[in-house]
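Here, each number is a calculation from the coordinates, and none is a lab measurement. Predicted model, so just to flag it, every value in this text is computed and none were measured. Here the Cβ positions follow ideal geometry from the backbone for every residue, glycine too, while neighbour counts run over all protein chains shown.
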Amino acid sequence: MGQGFTGAPTIIIEEMKIDYTILTDNDGNGITYIGKALPNTAISAANWQIQKLDETTVDTSITFADGTNTFSKVWDDRLTYSYS
């Protein structure tokens, strides 16, 4: 008779800390763009996560470029994206 597995499996989760480069662009009228990418990422590379902080109304809104929080946008193009 073979040796069977007994007991619960052990799951090991390692926490990984990532430092990001963060850029901001404030238009002075209540709109701030916040870009996050790995260090040394070119601002022309499609490796940025870009948020738009809109404080022009009573309820501040935070939205993402093209509605996605992936690191797939170009910081230089932040003004051309739609935000949702």
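Computed extension length for Asp54-Asp77: 6.5 nm, one decimal, from 0.36 nm per residue of separation with the Cα-Cα distance subtracted. Look at the dipole of the chain built from charges on Cβ: of Ile12, Ser84, Ile50, the Cα furthest out on the positive end belongs to Ile12.
What the phi angles of the stretch 10-20 give under the Karplus curve with 6.51, -1.76 and 1.60, with θ = phi - 60°, is a coupling list of 8, 10, 10, 10, 9, 7, 10, 9, 10, 8, 10 Hz, glycine and proline written as x. The phi torsions of the stretch 32-44, fed into the Karplus equation with coefficients 6.51, -1.76 and 1.60 and a -60° offset, translate into couplings of 10, 9, 10, x, 9, 7, 5, x, 6, 6, 5, 5, 9 Hz, rounded to whole numbers, with Gly and Pro shown as x.
Applied to the stretch 70-84, the Karplus parametrisation 6.51 cos²θ - 1.76 cosθ + 1.60 on θ = phi - 60° returns per-residue 3J(HN,Hα) values of 6, 8, 9, 10, 9, 4, 4, 9, 4, 7, 9, 7, 8, 10, 7 Hz, with x for Gly and Pro. The value of relative contact order for the chain, using C-alpha pairs under 8 Å at least six residues apart, is 22 percent.
Can you give the local net charge around Gly35? Use residues other than it whose beta-carbon is closer than 9 angstrom to its beta-carbon, Lys and Arg +1, Asp and Glu -1.
Around Gly35, the surrounding residues sum to +2.
Only one residue of Phe64, Trp75, Ala37 has its Cα farthest out toward the positive end of the dipole of the stretch 21-77, where Lys and Arg carry +1 and Asp and Glu -1 on Cβ, and that residue is Ala37.
Calculated over the stretch 21-77, the projected area of the Cα convex hull averaged across directions stands at 3.8 nm². About the centre of its Cα atoms, the chain shows a dipole size close to 240 debye [charges on the beta carbon of Lys, Arg (+1) and Asp, Glu (-1) only; nearest 20 debye]. Over all other residues within a Cβ to Cβ distance under 11 Å of Ser84, the charged ones net out to 0, with Lys and Arg as +1 and Asp and Glu as -1.
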